[in-house]
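What follows is calculated from the coordinates using simple rules that are stated; it is not laboratory data. Small disclaimer: the values here were computed from a predicted structure and weren't measured. As a convention, Cβ positions derive from the backbone with ideal geometry for all residues, glycine included, and neighbour counts pool all protein chains shown.
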Amino acid sequence: MDNLQPEQPISENNETTENFNKPSHYGADDIQVLEGLEPVRVRPAMYIGSTGESGLHHLVFEVVDNSIDEALAGICTQVDVTIHKDDSITVVDNGRGIPTDIVPGENKSGVEVVMTILHAGGKFGGSGYKVSGGLHGVGVSCVNALSERLEVTVYRDGRISKMAFERGKVVEPLTDLGPTDKRGTKVWFKPDNQIFSETKYQYEILSERLRELAFLNKGIKITLKDERGDGTEDVFHYEGGIVQFVSHLNQNKEPLHEQVIYIDVKKDGIETEIAFQWNKSYSEDIYSFANNINTREGGSHLLGFKSALTRVINKYVREKKLLKEKESNFSGEDVREGLTAVISVKLPNPQFEGQTKTKLGNPEIKNIVESIIDEKFGIFLEETPDTGKVIFEKSLSASKARDAAKKARDDVRRKGLLDKMSSLPGKLADCSEKDPSKCELYIVEGDSAGGSAKQGRDRHYQAILPLRGKVLNVQRVRTSEALKNEEIRTLITALGTGIDEDFDISKLRYDKIIIMTDADVDGAHIRTLILTFFYHFMRELIMTGHVYIAQPPLFKLKKNKNEKYAYSDSERDSIINELGDNVLIQRYKGLGEMNPEQLWETTMDPANRFMKQVSLHDKFVADEIFHTLMGDDPKLRRAFIESHASKVKNLDI
Ligand code: 0RA
């Protein structure tokens, strides 16, 4: 703990100055006006990120984080989350229970302090590491402020006590309800629909994060129950922790060695856990966490891991004379090809930096992780030479492929094939507008639909790129192979950004890239292949919300002169109801069945069209899906499509 600062209790005023994007004339008077939980209701997004779907789910995670803190303190072993019929939520844990006695200096019970004072943590002499002090770490009081009603029941010191709030204000004081032999806290809340634009919980969003938390905190049992619909239920409980996390991530890939390498070191109050395993794929999937928070932007722990991994492997292959003397060292990318890794550090005062505050800043962590990998992974390689050899061979093949890919890129570049200045692909019907922020590119399946789209479009700002036949599955080949494919090169040239190391989003030629394929199985497959292309070579385009999926209508309904389009079965049915008898129903099997005017009207006109924006809600779920759907194992693919049949529509893959 020597070089660590003691945890600073954050005072309320301090937090106010930090969190408010205040104008410079913001004074003490203003702060007084916004006392208690009022600021949270005035500016909810500032506390929970948004008042949409993400903020709504964040409420659950905020409560669960407190339960996880109890688990980190070694007390809580189980957390049960229930989504009720009315989209209210219950979280029950068997932790210590929120203190019920009076907090000195506040003259209020612990429960009231925790539920009504922002960042009340410090008032309980917090120690150890806390998730709830982490990223958003706003505290359960924010959940209370943003709930129409919240009830908290505490089982502590043999007694049950209960208290209720509405929109953050006490409506029922803390009341003793009698004896109990249980211990823990139950929080029930109903999000305030005056605050949230969306109040329907999505099972998948909750289950993903809860599963992740169970992986990251081995032994803890987290259950999720959905009382709406057919009563879906999940139990997440992993005695193997992040080792099972890595196995899970690699489940659809072919591991190159059986054993997941696992390193766990606790030193000076910091716990470092790393699990990793190489597989046959060409991608690198490393997930890093600090205090259970996904550090998507990486940081010192990730840097430490990467640099030590490269060093240890090079040292090993030199010592064992596996690499010839004249051959140069492996690069970091070489040794990480096909690597799946989870790095989880838990530390007393994490510093989160970066654009989305998901980059671990604490500089001392880099050295700590480096020396752990140096030592422990070094020993592992010495003791497990079979695996050492497998890693060497994978790195060697990656290094050769990287040379070949570079050569292919250089060749292509020399010939000017990826350079838009040379010439845009002949098939591209470009738009006349030159400002990319106003431009749209429709990627269309087949020449005939391409023809309709070219005629139907607004050529001022809409460009059309027809793709012929099946697009290459880039997940299955290396970059050098992919670049030999004409459709792939056409796509890259049209977009203008380049790929891999050359990728530069500022060169993007269109603000919206819209995939328009038939509404049938083939169309869905081609769409997946195009998405796989973006995911593999230009993931940032998806991350930044540039990629969309066009939604052509499924039916045309006609009665006399009255024509309507339906985009789903249920819409078809309600239009039939509306129009009455003798409705002529035409099912569109392909885009080619629509004439240019119809295509414009139903699918391309910004005033009428429906589009879905493609998002990577969670990188590791997305990886899983792409590997299942685009990987080599048809059995897995079928099983996935069957089990996700209804969701595949939502995911748009
Ligand atoms: C304040 C202090 C302590 C625990 C908690 C709050 C606490 C909050 C929540 C919210 C959901 N479950 C919870 N469990 C505990 C520490 C209590 C102590 O030191 O005994």
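Odds and ends about this structure:
- Pair-distance distribution of the chain: all C-alpha pairs, bin width 20 Å, starting at 0; shares per bin in whole percent are 16, 43, 34, 7, 0.
- Charge dipole of the chain about the Cα centre (unit charges at C-beta), most positive-ward option of Thr340, Gly498, Val614: Gly498
- Trypsin sites (Lys or Arg not before Pro) within region 481-546: DSSP coil, no more than 14 neighbouring Cβ in 10 Å: Lys484
- In terms of its C-alpha gyration tensor, region 424-542 comes out oblate, because a/c is 1.5 or above while a/b does not outweigh b/c.
- Options Phe165, Ile270, Ser568, ranked by Cα towards positive dipole end of the chain, top entry (Cβ charges): Ser568
- Residue order, fewest to most beta carbons within 10 Å, for Lys253, Lys559: Lys559, Lys253
- Tensor-based shape of region 484-549 (alpha-carbon gyration tensor, a/c under 1.5 rounded, otherwise prolate or oblate): prolate
- Based on the convex hull around the alpha carbon atoms, region 472-595 presents an average projected area of 9.6 nm².
- Three-way shape label, region 300-452, alpha-carbon gyration tensor, a/c 1.5: oblate
- Taking the alpha carbon gyration tensor of region 150-283, multiplying each eigenvalue by 5 and rooting it gives semi-axes of 39, 22, 14 Å, largest first.
- Region 183-238: relative contact order as a whole-number percent, Cα under 8 Å and 6+ apart: 26 percent
- Inter-centroid distance (Cα atoms) of region 289-327 relative to region 39-66, Å: 37 Å
- For region 270-385, the alpha carbon convex hull comes to 110 Å³ per residue, rounded to a whole number.
- Sum of -39500 (n - 2.57) over DSSP H runs of 4+, divided by residues of the chain (222 nm, nearest 500): -10500 deg cm²/dmol
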